[in-house]
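The values are calculated or read from the model by the stated rules, or taken from the named source; none is laboratory data. Everything numeric in this text was worked out from a predicted model, so none of it was measured. Virtual Cβ from ideal backbone geometry, glycine too; neighbours counted across all protein chains shown. Ligands, DNA and RNA are stripped out before the accessible areas are found, and what is left, the full protein with its side chains, is counted by its heavy atoms. Shrake-Rupley method; radii C 1.70, N 1.55, O 1.52, S 1.80 Å.
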Amino acid sequence: MLDDLPLELDRDLPEPLSVQIADRLRHAATNGRLRGGDRLPSTRALADRLRVSRTVVAAAYDQLHAEGWISGKRGSGTYLTTAPAAAPAPAAASHHTDVASDLFDLAPGAPCIEAIDPAAWRRAWRAAADHPPLVRKDRAGEPEFRTAVTEHLLRHRGLGAGSATTLLATAGTSSAVGELAAALLRPGDAVAMEDPGYQRAAGAFAAAAIDVLPVPVDAHGLRVDLLPPGIKAVYCTPAHQFPLGARMPAARRVELIEHARRTGIVVIEDDYDGELRYDTAPLPLLATMAPDVVVHLGTTSKILSPGFGVGWLLAAPEIAEAVLAHRERTGTGPSPAGQQVLVALAAHGDLARHLRRLRRAVPPRRALVVTELRRRGLDVIGDDAGSHVVVPVDSADAEERVIATGQRRGVALDGLARHHLGSRRDHFGVALGYTALSWPDLVTAVPIAAECLARPVALSA
Ligand SMILES: Cc1ncc(COP(=O)(O)O)c(C=O)c1O
């Protein structure tokens with residue numbers, strides 16, 4: 001089995017060879033090329049095959065052993081452990097459910113699960129499992145969860161939850177948008193949102209029979225001057241416009257808040273990747289500037305896993321009350337399980353450590369993408385933040401050709417077409433996510449993507 005595995009090492013990479021070996025074996029285990037019970041070669045045999053010293057392979061095996069991926073039976077070899085113990089970190093989810101499994105998926109959206117410390121992850125789930133079963137859940141969220149998130153927002157987003165606001169647990173941003181639509185709006189009401197923008201938010205509004213009106217986006221984010229009249233709310237991503245990556249400057253934030261106060265609309269601030277900031281200083285959140293009109297939404301989907309289904313909402317008390325009343329009416333509300341895991345992660349300092357690891361792990365990935373693109377004369381737009389970049393192209397036709405070329409060459413690329421509300425478009429390009437793939441896969445996939453962007457072939461080719 002292992003004999004068939006492509007296990008090439010790259011001696012030019014900064015990663016030590018033992019780390020590369022461990023990475024490739026982990027990857028083979030997660031994508032099913034190796035299965036629980038498979039026997040790994042002896043350290044001597046693998047060292048010979050890879051032309052490295054035996055201590056290098058032994059270091060890789062030690063690491064995998066410590067993480068629970070492999071077990072050694074003295075005298076009878078080293079085996080991959082069975083699947084449950086061998087998959088301590090959450091599975092990365094992709095926006096694309098239709099990406100062929102043999103393509104490198106560079107669509108944005110998935111988090112960097114490689115940065116999750118499996119031991120901390122397991123510890124938190126175990127701690128959460130120690131809770132006795134709940135007789136009933138708190139529809140606002142578990143009290144310790146709300147305390148942990150309040151602390152997190154203050155520490156990492158400079159957002160204080162005072163008496164002017166109420167914090168609720170949610171099952172993530174898209175779910176919270178759906179709840180807000182059901183709790184605050186009536187079928188046929190209109191809301192505005194960025195175009196291009198986050199289509200799951202548009203979908204959540206549409207599911208509540210709310211009309212979603214597109215508003216153009218420029219290098220400073222949402223065009224506040226183009227907000228249509230008659231809307232009840234506006235949804236936006238001011239910290240890092242999704243997908244174009246603009247950070248809304250202070251003056252436009254003030255303009256948006258003044259507009260909201262003047263016209264009586266609610267501003268929904270989706271802070272989906274606010275913790276992922278590298279070189280650029282954060283600006284005050286809209287929720288800090290105007291807690292009376294802003295509903296702030298946060299999620300763990302980008303920093304931990306979308307499969308986790310944990311997020312939060314901070315809003316004026318009457319808005320939070322309306323959401324709670326909706327939950328009560330419909331017997332819904334977020335599950336406490338994920339909340340308790342987050343509490344455990346926060347309590348042991350593992351969450352803060354994880355965020356530090358993420359902020360160290362992600363910038364080299366971004367640098368790899370930007371360098372490969374620049375080498376071919378291509379530029380990216382957007383802030384130095386988050387987990388994706390956008391590479392503009394000239395036209396819808398060019399975008400389609402790049403995607404088709406990628407498909408042929410083994411990379412799944414994400415065109416901006418998918419992020420638009422209607423057929424009218426001002427922006428053409430490709431969004432490249434750099435956190436989902438393992439480092440070795442990223443190193444392989446990014447030059448191919450850059451090549452496809454630099455030299456797309458004709459669609460008929
Ligand atoms: C703009 C935006 N908002 C929110 C999310 C996360 O949403 P949820 O918490 O529903 O997983 C994403 C994830 O890709 C996103 O791109």
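The residue that is farthest from the ligand (Cβ to nearest atom), counting only those in the range 159-187 that are open to solvent by 50 Å² or more (accessible area, probe 1.4 Å) and assigned to a loop (DSSP other than H, G, I, E, B), is Ser163. Within the range 188-201, if we keep just the residues that are open to solvent by less than 40 Å² (accessible area, probe 1.4 Å) and away from the ligand (no atom under 16 Å from the Cβ), the residue that is farthest from the chain's Cα centre (by Cα) turns out to be Asp189. Taken over the range 28-55, the residue count meeting the criterion of being in a helix (DSSP H, G or I), closer than 20 Å to Glu114 by Cβ and either open to solvent by 50 Å² or more (accessible area, probe 1.4 Å) or at pLDDT 80 or above (or both) is 1. Here Pro238, Pro216 are screened, and the one residue that is modelled with pLDDT of 95 or more and surrounded by fewer than 16 Cβ atoms within 10 Å (Cβ to Cβ) is Pro216.
Taking first residues from the range 163-176 that are more than 14 Å from His326 (Cα to Cα) and partners that are open to solvent by 50 Å² or more (accessible area, probe 1.4 Å) and within 12 Å of the ligand (Cβ to nearest atom), the Cβ contacts under 6 Å between residues at least 6 apart in sequence or on separate chains come to Ser174/Arg200. Scanning the range 297-331 for residues that are away from the ligand (no atom under 15 Å from the Cβ) and open to solvent by 10 Å² or more (accessible area, probe 1.4 Å) turns up Pro317, Glu318, Ile319, Glu321, Ala322, Leu324, Ala325, His326, Glu328, Arg329, Thr330, Gly331.
This table checks each residue for (1) over 22 Å from the mean Cα position of the chain (by Cα); (2) assigned to a strand (DSSP E or B); (3) under 30 Å from Val212 (Cβ atoms).
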site	(1), (2), (3)
Asp379	yes, no, no
Asp394	yes, no, yes
Ala398	yes, no, yes
Val402	yes, no, yes
Thr405	yes, no, no
Leu421	no, no, yes
Ala449	no, no, no
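On inspection, Asp271 passes the criterion of being of a type outside the set (Lys, Arg), near the ligand (Cβ under 10 Å from one of its atoms) and over 17 Å from Cys112 (Cα atoms). For the criterion of being within 16 Å of the ligand (Cβ to nearest atom), outside any helix (DSSP H, G or I) and open to solvent by less than 30 Å² (accessible area, probe 1.4 Å), Leu342 fails.
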